[in-house]
1. Spin-label point model (7 Å from Cα, Cβ direction): what's the GLU424 to HIS878 distance in nm?
2. Arranged from highest to lowest average of other beta-carbon atoms within 10 Å per residue, in what order do the peptides 704-712, 380-388, 770-778 appear?
3. With the contact rule set at Cα under 8 Å and sequence spacing of 6 or more, what percent relative contact order holds for the range 290-405?
4. What order do you get for 613-624, 500-511, 534-545 when each peptide is scored by the mean count of other beta carbon atoms within 10 Å, highest first?
5. Given the Cα-Cα distance of ARG483 and ASN319 and 0.36 nm per residue of separation, how much length would full extension add, in nm?
6. Which of LYS301/LYS392; LYS187/LYS288; LYS209/LYS769 have a Cα-Cα distance over 23 Å?
7. For the range 59-144, which GluC sites (Glu not before Pro) are in a loop by DSSP, counting at most 10 other Cβ atoms within 10 Å?
8. Of all the accessible heavy-atom surface of the range 290-405, with the other protein chains kept in place and a 1.4 Å probe, what percent is carbon and sulfur?
Amino acid sequence: MSQVGSAPVAMDAHDGEADELPPPPPVPANVVPIKADDVESEVPANKPAKPKRFPMARPGLGRKGQPIQLLANHYKVSVKSSEEYFFHYNVILKYEDDRPVDGKGVGRKVIDKLQQTYRSELSSKDFAYDGEKSLFTIGALPQVTNEFTVVLEDVSTGKTAANGSPGGNDSPGGSDRKRVRRPYQTKTFKVELCFAAKIPMNAISQAIKGQESENSQEALRVLDIILRQHSAKQGCLLVRQSFFHNNPNNFVDLGGGVMGCRGFHSSFRGTQSGLSLNIDVSTTMIVKPGPVIDFLLANQKVDHPDRIDWQKAKRALKNLRIRTTPVNSEFKIIGLSDRNCNEQMFSLRQRNGNNGDVDEVEVTVYDYFVKNKGIELRYSGNLPCINVGKPKRPTYFPIELCSLIPLQRYTKALSTLQRSSLVEKSRQKPQERMSVLNDLKAGNGEDIFPRNGRWNFNNKKLIQTCSVDKWAVVNFSARCDVRNLIRDLIRNASAKGIQMAEPFDVFEESPSLRRAPVSRRVDDMFEQIKSKLPGAPKFLLCLLPERKNCEVYGPWKRKCLAEFGIVTQCLAPQRVNDQYLLNLLLKINAKAFNLGGINSLLQIEASPSIPLVSKTPTVILGMDVSHGQPGQSDRPSIAAVVSSRQWPLISKYRASVHTQSPKLEMMSSLFKPRGTEDDGLIRESLIDFYTSSGKRKPDHVIVFRDGVSESQFTQVINIELDQIIEACKFLDEKWSPKFTVIVAQKNHHTKFFQSGSPDNVPPGTVVDKQVCHPRNYDFYMCAHAGMIGTTRPTHYHVLHDEIGFSPDDLQELVHSLSYVYQRSTTAISVVAPICYAHLAAAQVGTFLKFEDMSDASSSQGGHTSVGSVPVPELPRLHEKVRSSMFFC
């Protein structure tokens, strides 16, 4: 059907057939039909019945700049034309008693056995099965009714019948009826394959031409499923579109019983060059295989089993799979025994002599294995047993007989150390790097010329500096020489043109409070400040004892920004030098909105000469939704909108932040009418632009949206854009600005390489041909210099453009916005408004981080999607800091 080429793609940079529906069923006598227009009125506002906007077509290619030859990790795939169809079937799996099958991994075993058992009835057809609910064939199955009975031997352990059974003689607490009468266990499944759709195979060629439809997406999905199925049959771990082999050469130890596992991502895509297979290196986290006790010692960072916290151990082990010795059986852990192995009793049924009677005796798990089975147990007598049975029928094994099997995903949040270790150990040298772009402007009218996408402020002053007076230092038990730190900070500030007075005072935390609840520690510090300062400080420098995840951080930020309106900068002063202090001063100067600080401006911004932006009032929005970490499914998501201010500048921003339902990606609170008021995120941004830009309304609105997949593009330009338009109309019915909507994606797998060079691609590289969409308007940009590893370009999708940018002007604007990030002296990989939105969501999210979410979740007035439970509202930022870059 298809053939994969052997070389990467080289480039220059710079409707289905409708089946007749059956008649509707008769209306029961006691049911009153609902009129169609009644139903229409009940459709939620954020779920339009039919989209009215679709992603725009590409208007042309960029021409500016110097063309260079690149390679991409896309491989050409040739597809023979065919008039055949993929037939899609829904897979319904049930046990013998009609209970649905919910165990992962069982589906593939059942479908494989079905193919073996019923090969002749199925005309030897091949299946493409996704492991869950979807199965595809080429051509229809021969039978109209496809219902099958499949018998699997020993499905829970993966053994064949000759190996014994999971409830057999080696598992105390299991069913003795099975132990006595059956040599092995079988399970019977009912399988129903229900016809869902037929997809013409020529839909693949439609995707290549850019004529996308539901059929073309499904056809490409079938090709992806075929690849995944092949990997599954090789014993790989599958994680979405990535696969990982059980090869120790691919593992890196991250500590804590967790390993990074390197594998491959693969996906088929329609591009301007035809059908391509995108292959990239991918990494996932797995539990370190081997003895369970070794995992627990590493996971809890203890050196002896006596020190293990068994409640933590229970949570860490639940649902992991083990292999037991000496009979090599495989099970899923459901918990631990309540008592230790030498105390945990169970009823053992034994035959009494030759008369066939069965007696029941109470025996400990330890005695059963040592005396009945003759197995030596060296250390697990005083430890809990592993329970692999069912809630009401436990089955126990001593812990030293249990080993974790390979390739089990670790889905909990990594620690800071583990995350940094993963980044360091999974880096790969690219095949390229380097180049220059855009002029920058520094203080005193001095120009800075970036090299390799970075610049420095050595012997340069910041372009617009603040004056820091009425400030103080608070120290939450950080160990450092505070007086020397203050002296060096003031010295560096002076060198950069920042006038920084001596602090009013240094407030030290009382040693007796170091172990007190965090809210008390913060309250006590503010009581000290209020009692000793003559008035409210303008700025507070906060010294923290830990660099990452310090419990004081969130409550301190909340107190300063929401309750008192005080600009604050936190630092953990472990390794402080002049470069560290310069970075700190960049943040302080950018945050000091009241005092007018700004670090650098682009030359075209200061001129001003940005096409279509500098001559017409234009607001730039950055939008992002931040979700809780793995294992925090009940945490509300945080939606943030940052907006430019003081037009024609594109370097200054402010942020508005709301909560919304957990894991909800689409923004639900852009427009929130409450009577005569709008409590949405956009209104605040528009009003601030008006007041900070000489009482001008923006005639252009440029939206940069982060974090959405291609399947959500129509929602962005229909649901979210509609909310933004409604927010504008709510302020002024006659106001009709023009909109441009651009999605930025970092979570993709396309990489670029310079042919014959070990360096990353030069910063400022744009690719808009050959590996881009065959119809839609998208391009890749590497704005930054990849100093470590391989540069990951940002994939920009221009969904909607009423403003009318040329491809060159739009690419130049995007590139410029990668140079206005006030926290650093480098170009960054994605436009600054999106980075700021991410920072704002993360920082304000810490306001809720340490609260009791179970109590907070019942509060009223949270921002939610239709039909969801209320979520806690965030406290409003104090008016003194509301328009500042507090998130820097």
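The values are calculated or read from the model by the stated rules, or taken from the named source; none is laboratory data. Worth saying up front: this structure is predicted, and the values here are computed from it rather than measured. So basically every Cβ, Gly included, is an ideal-geometry build from the backbone, and we count neighbours across all protein chains shown. Quick note on the areas: whole protein, heavy atoms, side chains included, nothing else; ligands and nucleic acids left out. Shrake-Rupley method; radii C 1.70, N 1.55, O 1.52, S 1.80 Å.
1. 4.0 nm
2. Highest to lowest by the protection proxy: 380-388, 770-778, 704-712.
3. 31 percent
4. Per-residue Cβ counts within 10 Å, averaged per peptide and sorted highest first, yield 613-624, 534-545, 500-511.
5. Stretched fully, the ARG483-ASN319 segment lengthens by 53.7 nm.
6. Details: LYS301/LYS392 33 Å; LYS187/LYS288 31 Å; LYS209/LYS769 14 Å.
As for pairs spanning more than 23 Å Cα to Cα, those are LYS301/LYS392; LYS187/LYS288.
7. GLU83
8. 42 percent
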